[in-house]
Amino acid sequence: MIRPLSKFLPALAVSAGLVAPAALACTSMLVTKGASTDGSTLITYAADSHELYGELYYTPARRHAAGAQRDIFEWDTGKFLGRIQEAPVTYSVVGNMNEHQLSISESTFTGREELEGPAGIVDYGSLIYIALERAKTAREAIQVMTDLVAEYGYASTGESFSIADAKEAWVLEMIGKGKGQKGAVWVARRLPDGYISAHANQSRIRQFPLNEPESTLYSKDVISFAREKGWFTGADKDFSFADTYHPLDFGGARFSEGRVWSIFRRAAPSAGLGAEYVDGSALNKRLPLWVKPDKKLAVQDVMALMRDHFEGTPLDMTKDVGAGPYAAPYRWRPMTWEVDGKKYVHERAISTQQTGFSFVAQMRASMPAAIGGVLWFGVDDTFTTVYTPLYAGIRRAPKNLATGVASRGEFSWDSSFWVFNWVSNQAYSRWSDMIVDVQKAQGELEGQFLADQADIEKVALELYKSTPEQARDYLTEYSVRQGDKVHTRWRKLGEQLLVKYIDGNVRDESGKVNHPKYPDSWYRHIVKDAGPRLAMPDEPKPEAKPEPKPEVKPAPKPESKPTVAPAP
């Protein structure tokens, strides 16, 4: 999403013909129903951008007049791109899930510089939301998206899309054909049941079956176009979409595949995927497109996988001096920097300060779509957000998450985006202490939502038997209340953090102000950097006093005997 971050070190060789985009943005994960504990299909999304305001888009279902046109505005910039034919009927969409439980997310990989600037009027963001309004299943969404770019042209750079319904999960990768060229080349692969996948700003589909339409779809010219350009000369069976249209380099491995690796290494430790797969030292080591998790994943497990700073790995962001005295796993931009002619990097983790919004989309075939689909939605940093349940069939968004409340350049206490940023930006300053308070409140809210889920859905199912519309009204009111609850609790948390930690103090539960010292390791950093300037003079040692000589007492005189006068 929105301007993928710079992913190439200027001093390192960059694959010929590749562009260095301005920002590395977005992470997405996919979970098949056979890999989840309750048979849910799940996808995730972290929409990361320093310019994105996090809010919940809501579009009601509509019927359109014959010949109606739809204006297309570029999602990233708001620029008007053109008009397309509108569909007769469009479905309601809450965030990135529609009323049929279809969900779509993405990450931008950009790709070859030669393929920038294609002639088209449908950008990647518009593809997502038009498909959600027009399709009921993942396969239908792929058809809608690829038909749109064929008819109207594609207006973006390379994209990976996660597309899932209650039964299937697919990864679709697409890139335009270059300046002045209409259409796009693309390939889509369905995850085998029981597996998970992920993508994060690096094209990931390499070789693919050419005659398995149940599991693999692709544009008819995806290989021939590469041959025409001179980028591929081998046998069709050996063709790799990723290696042709977005070859892996140091930045792609370290900043992009690193995030995929962190999901895989936590969900499937038995796969034995070490950091050498992504640290940029061995680009011939490639992560698989998907892995089988060691255990089936629940919704809360997937939420946890989206909260990650490489903890406990060689890339752990809490361990170097950049983390400060309170082990903050965040680094302000730029991500690459130079000291004395040598270039260095900051890691790019899944959890990052510039997330606008994120979600875990849960789709279940065992229930009516209005109830089975839940968009667990949060704003700001995935590590500090609260995932709030918003059902697929709801009729409106919670007011503090709704569009139009505020903007990226306009603060409002009525905006959940701004309240969550207020809390997280406090926490960044004293991370190791404050994150304990944040996670306590986060766990209480999410834990209650998950504990209540079965009972809420039981009531909704009973209402649905009578009148589906009653069930939708019930779930709308429930979802709105939870959004209000989260907003109120998070503002209160921000107030509590300010009182507890003001001016570097820590106020304990009894209200007593304490002054905890820095960790010893941080004092050592200070001494190493400025020890001579900060050192106190040694206290003078007291002069040693001579030991007093023992008093020598004179020997006692012998006792004189009295003289006895002689007797007369």
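The values are calculated or read from the model by the stated rules, or taken from the named source; none is laboratory data. What you see is a predicted model; the values in this text were computed from it and never measured. When we count neighbours, we look across all protein chains shown, and the Cβ atoms used for this are built from the backbone with ideal geometry, even at glycine. Side chains included, ligands, DNA and RNA excluded: accessible areas come from the protein's heavy atoms. Shrake-Rupley method; radii C 1.70, N 1.55, O 1.52, S 1.80 Å.
So for region 235-257 (the condition being at positive phi and surrounded by fewer than 16 Cβ atoms within 10 Å (Cβ to Cβ)), does at least one residue qualify?
At the first step, the residues of region 235-257 found to be at positive phi are none.
There is no residue in region 235-257 that is at positive phi and surrounded by fewer than 16 Cβ atoms within 10 Å (Cβ to Cβ).
Suppose the filter is within 30 Å of Asp38 (Cα to Cα) and surrounded by 14 or more Cβ atoms within 10 Å (Cβ to Cβ); does Phe417 pass it?
So Phe417 fails the test.
For the condition over 14 Å from Trp290 (Cα atoms), in contact (Cβ under 8 Å) with a residue 60 or more places away in the chain and hydrophobic (A, V, I, L, M, F, W, C), what is the one hit in Ala253, Ala200, Ala267, Ala242? Show your work before the answer.
Working: Ala253 fails: in contact (Cβ under 8 Å) with a residue 60 or more places away in the chain; Ala200 fails: over 14 Å from Trp290 (Cα atoms); Ala267 fails: over 14 Å from Trp290 (Cα atoms).
Ala242 is the lone residue from the list that is over 14 Å from Trp290 (Cα atoms), in contact (Cβ under 8 Å) with a residue 60 or more places away in the chain and hydrophobic (A, V, I, L, M, F, W, C).
Only residues in region 397-418 that are modelled with pLDDT of 95 or more count as the first member; pair them with residues that are part of a strand (DSSP E or B), Cβ under 6 angstrom, at least 6 apart or cross-chain, and list the lot.
Every condition considered, the pairs that remain are Ala397/Leu56; Ala397/Tyr58; Leu401/Leu56; Ser416/Val379; Phe417/Val379.
Against the condition farther than 23 Å from Thr41 by Cβ, part of a loop (DSSP other than H, G, I, E, B) and open to solvent by 10 Å² or more (accessible area, probe 1.4 Å), how does Val405 come out, does it pass?
Yes, satisfied.
Quick check on this structure: which one of Ser281, Ser262 is more than 20 Å from Ala188 (Cα to Cα), open to solvent by 20 Å² or more (accessible area, probe 1.4 Å), at pLDDT 95 or above and among the hydroxyl-bearing types (Ser, Thr, Tyr)? Spell out how you get there, then give the answer.
Numbers: Ser262 fails: open to solvent by 20 Å² or more (accessible area, probe 1.4 Å).
One residue alone meets the criteria, Ser281.
Where the second residue is part of a strand (DSSP E or B) and the first is among the acidic types (Asp, Glu) and lies in region 320-344, which pairs have Cβ atoms under 9 Å and are six or more apart or on separate chains?
Glu338/Tyr344
Working only within region 162-183, note down all residues that are part of a strand (DSSP E or B) and among the acidic types (Asp, Glu). Give the derivation first.
Going residue by residue through region 162-183, those that are part of a strand (DSSP E or B) are 162-164, 169-176, 179.
Once the filter is applied, which keeps residues that are part of a strand (DSSP E or B) and among the acidic types (Asp, Glu), region 162-183 yields only Glu173.
Return yes when Arg139 is part of a helix (DSSP H, G or I), of a type outside the set (S, T, N, Q), open to solvent by 10 Å² or more (accessible area, probe 1.4 Å) and at pLDDT 95 or above and no when it is not.
Working: part of a helix (DSSP H, G or I): yes; of a type outside the set (S, T, N, Q): yes; open to solvent by 10 Å² or more (accessible area, probe 1.4 Å): yes; at pLDDT 95 or above: yes.
The answer is yes for Arg139.
Given the condition touching a residue at least 24 places away in the same chain (Cβ under 8 Å), exposed (fewer than 13 other Cβ atoms within 10 Å of the Cβ) and assigned to a strand (DSSP E or B), answer yes or no: does some residue in region 61-68 qualify?
yes
Test Glu495 against the stated conditions and say whether it is at pLDDT below 95, charged (D, E, K, R) and open to solvent by 60 Å² or more (accessible area, probe 1.4 Å). Walk me through it before giving the result.
Details: at pLDDT below 95: no; charged (D, E, K, R): yes; open to solvent by 60 Å² or more (accessible area, probe 1.4 Å): yes.
The answer is no for Glu495.
Give me the pairs, please: first residue somewhere in region 24-53 and under 20 Å from Glu159 (Cβ atoms) and of a type in the set (S, T, N, Q), second residue anywhere and at pLDDT below 95 and outside any loop (DSSP other than H, G, I, E, B), beta-carbon distance under 8 Å, and either six or more positions apart or on two chains.
From residues that are under 20 Å from Glu159 (Cβ atoms) and of a type in the set (S, T, N, Q), the pairs are Ser49/Ala23.
I'd like the full set of residues that are in a loop (DSSP other than H, G, I, E, B), touching a strand residue (DSSP E or B) at 6+ places or on another chain (Cβ under 6 Å) and within 27 Å of Met363 (Cβ to Cβ), limited to region 72-116. Step through it out loud before you land on a result.
Going residue by residue through region 72-116, those that are in a loop (DSSP other than H, G, I, E, B) are 74-79, 86-88, 91-92, 95-96, 99-102, 111, 116.
Keeping just the survivors that are touching a strand residue (DSSP E or B) at 6+ places or on another chain (Cβ under 6 Å) gives 74, 86, 91, 95-96, 101, 111.
Once the filter is applied, which keeps residues that are in a loop (DSSP other than H, G, I, E, B), touching a strand residue (DSSP E or B) at 6+ places or on another chain (Cβ under 6 Å) and within 27 Å of Met363 (Cβ to Cβ), region 72-116 yields Glu86, Tyr91, Gly95, Asn96, Gln101.
Restricting to region 209-234, and then to whatever is hydroxyl-bearing (Ser, Thr, Tyr) and within 26 Å of Asp193 (Cα to Cα), can you tell me which residue is surrounded by the most Cβ atoms within 10 Å (Cβ to Cβ)?
Pass one, region 209-234, residues hydroxyl-bearing (Ser, Thr, Tyr): 215-216, 218-219, 224, 233.
Then drop every residue that is not within 26 Å of Asp193 (Cα to Cα), which leaves 215-216, 218-219.
Details: Ser215: 14, Thr216: 16, Tyr218: 22, Ser219: 18.
Going through the qualifying residues, I end up with Tyr218.
Can Asp538 be described as within 34 Å of the chain's Cα centre (by Cα) and not polar (S, T, N, Q)?
It is false that Asp538 is within 34 Å of the chain's Cα centre (by Cα) and not polar (S, T, N, Q).
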